[in-house]
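Note sheet for the following structure.
The values are calculated or read from the model by the stated rules, or taken from the named source; none is laboratory data. Computed from a prediction, not measured in an experiment: that's the story for all the values here. All Cβ positions, even for glycine, are placed from backbone atoms using ideal geometry, and neighbour counts span all protein chains on display.
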Amino acid sequence: MLTQEKIRCDACPVMCFIADGKSGACDRYANENGEIIRLDPLVILNNQIEKGEQVKPFLKADWNGETTENDNTFITAIGSGTTYPDYKPAPFIFNSKVDGADFITVVTEAIFSYCGVKIKIDTDRHLGSERAIVRHKGEAIGHVMTSEYGSQMLSLGGVDHLTGGTKVEGRVTCEALMNLCNKEAIELSIDEGLTVIVQAGKPPIIEGIEETKMRVGCGSATIGMFASQWFGLVDEVVVVDDHITGVVSEHQAGKVLDWKSTGISVKGRRSTPGRYFQVANPGTGWGGTDIQDPLTILGTWNEKKGAVPGLTILMVSTTGENYSYYELDNELIPKKKKLPANLKSSVELIKENCEPALCTVMFVGGAGGSLRSGVTKNPIQLTKSVKNNETNITCGGAKTYIWPGGGITLMVDVHEMPDNSFGYVPTPAIVAPLEFTIDRNKYKSIGGHTTKIRSKKDIIENGGEYGNKKSFLS
Ligand code: SF4
């Protein structure tokens with residue numbers, strides 16, 4: 001029977017009053033018969049994944065609920081609840097034996113106001129200029145960063161968008177971050193740039209077209225890799241690239257092969273022999289330029305430097321998706337011809353050497369704040385032990401990268417984490433699972449909450465403050 005009285009959830013600063021049978025503003029906690037419970041099941045993994053075994057989502061699979069203290073299960077923080085307002089010990093602190101050594105793991109769902117995602121989109125296409133604003137549902141949620149080798153990079157979220165703008169900006173930023181971290185697809189639009197659908201582990205969809213290939217390298221690298229395959233089959237090869245366009249007859253790779261001069265001239269800025277910058281504007285055409293006709297990057301052919309009627313030219317993009325073959329006519333004008341069969345395989349080889357284009361979503365958050373009190377009574381000791389590699393941090397069981405310098409700034413590939421690992425609170429902030437694993441003696445020495453250590457069996461059978469047996473076995 002439902003009771004009328006609302007009770008207060010204190011798992012975040014919003015402090016919702018929740019009626020019996022209802023959930024709070026974040027949909028993560030509810031009032032069940034006058035008790036606050038965590039709604040999602042606690043996710044338990046098989047920690048043999050590092051030895052090549054599969055993750056076992058026990059609470060969703062056929063599992064009889066049996067476990068022992070020394071088995072291979074690992075209780076993640078997903079569904080564990082949080083330590084807010086941080087003076088109390090983390091929801092679960094358990095011990096386990098790994099290869100005979102005694103370890104303690106502290107798990108908590110951390111509330112991050114200082115967090116965001118870095119997104120790597122494998123494409124040469126020009127999504128937008130560096131520093132351009134990235135929007136979701138019309139709200140500014142981040143910006144374009146410096147591109148990397150074959151990839152465009154975005155930085156989304158962060159405290160300025162979550163709390164420093166309007167209420168709507170904060171809400172939309174939080175929603176976008178949570179969906180991206182939970183491996184869902186979201187649409188982003190870049191000011192004076194393109195629209196892209198991003199989903200962790202999936203190909204980007206740019207202006208409605210799915211990207212399939214990540215380039216084999218820049219134009220210069222492509223020349224270096226394939227010059228010997230072209231030698232003797234064609235008189236000139238140009239690999240069109242927005243960053244470095246390569247020309248084989250001038251390139252060092254061609255020189256080593258004794259490649260003959262062809263009298264070619266390329267528009268743009270010559271960097272070093274056979275390497276040209278700025279042959280066109282950035283865009284969605286050949287090699288990340290804005291061109292559809294590659295001849296537009298060429299000037300007149302110089303007879304004195306080797307141009308002759310009948311000279312053959314292959315022009316190809318850095319992914320091998322675009323290619324054209326030409327012969328110079330009597331006026332030294334390139335005329336398009338069918339690609340000879342013996343050159344087709346080299347173009348195929350470029351394609352074959354391209355990796356699938358994917359989106360990578362890295363969650364970045366600062367875990368150095370007050371949540372450390374949930375792990376130890378002396379928070380700086382936890383920071384130090386992380387820096388000394390004595391404490392290992394995982395997110396939902398996935399490996400994290402810890403930034404050098406102050407605090408505990410961590411980064412994790414969300415694709416490595418179980419589905420729906422992330423939540424939110426309407427402050428707004430992102431909720432992410434964190435597990436700290438440390439040798440038992442070290443845990444004692446850093447001021448850990450040793451009286452709160454429990455066995456995994458006890459946690460699974462009896463739950464914790466926000467969970468009971470029913471909620472996480474259902
Ligand atoms: S938003 Fe969620 S965590 Fe925060 S008080 Fe409400 S129900 Fe609890």
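Could you grab me the full set of residues in segment 357-389 that are in contact (Cβ under 8 Å) with a residue 60 or more places away in the chain and touching a Pro at 6+ places or on another chain (Cβ under 7 Å)?
357, 358, 359, 373, 374
Take segment 186-205 and flag every residue that is over 25 Å from residue 410 (Cβ atoms) and over 13 Å from the mean Cα position of the chain (by Cα).
Answer for segment 186-205, where residues must be over 25 Å from residue 410 (Cβ atoms) and over 13 Å from the mean Cα position of the chain (by Cα): 187, 189, 190, 191, 192, 193, 194, 195, 196, 197, 205.
Give just the number: which of (1) within 16 Å of the ligand (Cβ to nearest atom); (2) within 25 Å of residue 44 (Cβ to Cβ); (3) within 27 Å of the chain's Cα centre (by Cα) does residue 426 not satisfy?
Here residue 426 meets the rest and fails (2).
Name the pairs: first residue in segment 72-101 and closer than 20 Å to residue 439 by Cβ and basic (Lys, Arg), second residue assigned to a loop (DSSP other than H, G, I, E, B) and at pLDDT below 90, Cβ to Cβ under 6 Å, at least 6 apart or on different chains?
Hits for this filter: 97/70.
From 316, 347, which residue is modelled with pLDDT of 95 or more and either among the hydroxyl-bearing types (Ser, Thr, Tyr) or within 30 Å of residue 149 (Cβ to Cβ) (or both)?
Only one candidate passes the filter, namely 316.
Hey, which of the helices (runs of 4 or more DSSP H) in segment 339-451, taking only ones fully inside, have at least 2 residues that are surrounded by 18 or more Cβ atoms within 10 Å (Cβ to Cβ)?
In segment 339-451, the matching helices (runs of 4 or more DSSP H) lie at 341-352, 379-387.
For segment 1-42, how many residues are within 7 Å of the ligand (Cβ to nearest atom), crowded, with 18+ Cβ neighbours inside 10 Å and in contact (Cβ under 8 Å) with a residue 60 or more places away in the chain?
5
Name the single residue, out of those in segment 202-213 being surrounded by 19 or more Cβ atoms within 10 Å (Cβ to Cβ) and of a type outside the set (D, E, K, R), that is farthest from residue 351 (Cα to Cα).
Once the filter is applied, the top-ranked residue is 206.
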